[in-house]
1. Take residue 61 and tell me if it is under 19 Å from the mean Cα position of the chain (by Cα) and surrounded by 12 or more Cβ atoms within 10 Å (Cβ to Cβ).
2. Could you check region 1-44 and list, in sequence order, the residues that are surrounded by 10 or more Cβ atoms within 10 Å (Cβ to Cβ), over 18 Å from the mean Cα position of the chain (by Cα) and either closer than 27 Å to residue 60 by Cβ or among the basic types (Lys, Arg) (or both)?
3. For residue 52, are the conditions met, namely being among the hydrophobic types (A, V, I, L, M, F, W, C) and touching a helix residue (DSSP H, G or I) at 6+ places or on another chain (Cβ under 7 Å)?
Amino acid sequence: MKKIIFLVAALVVGGIMFGALNSIHPFGEPISPVMDDYFINNAQAERAANNVVTSIVFDYRGFDTLGEATVLFAAVSSVVAIFRKGGRH
């Protein structure tokens with residue numbers, strides 16, 4: 001009975017994964033070409049950055065980058081706290 005339940009659950013999860021992968025847009029094709037053109041045409045004038053990627057990461061998506069840095073800092077702090085030598089001898 002457990003094998004049948006496992007098989008049915010595996011088929012359901014596999015079907016959901018297959019359906020999700022079929023709905024993803026093809027790799028390399030932008031979701032919205034209008035947005036890409038906007039960044040390329042206005043990045044230097046709006047953000048005074050010669051590199052479009054730098055202006056997107058640090059100016060347009062600054063809060064997202066700050067969140068990623070916070071998560072990275074928390075992960076490194078946690079690993080250091082776990083593996084440090086503690087206590088008095």
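1. Numbers: under 19 Å from the mean Cα position of the chain (by Cα): yes; surrounded by 12 or more Cβ atoms within 10 Å (Cβ to Cβ): yes.
Against the criterion (under 19 Å from the mean Cα position of the chain (by Cα) and surrounded by 12 or more Cβ atoms within 10 Å (Cβ to Cβ)), residue 61 qualifies.
2. Residues satisfying the conditions are 35, 36, 37, 38, 39, 40, 41, 42, 43, 44.
3. Numbers: among the hydrophobic types (A, V, I, L, M, F, W, C): yes; touching a helix residue (DSSP H, G or I) at 6+ places or on another chain (Cβ under 7 Å): yes.
It is true that residue 52 is among the hydrophobic types (A, V, I, L, M, F, W, C) and touching a helix residue (DSSP H, G or I) at 6+ places or on another chain (Cβ under 7 Å).
Quick note: the coordinates plus some simple rules give every number you see, no bench work behind them. Small disclaimer: the values here were computed from a predicted structure and weren't measured. No Cβ is skipped: glycine too gets one built from the backbone with ideal geometry, and neighbour counts run over all protein chains shown.
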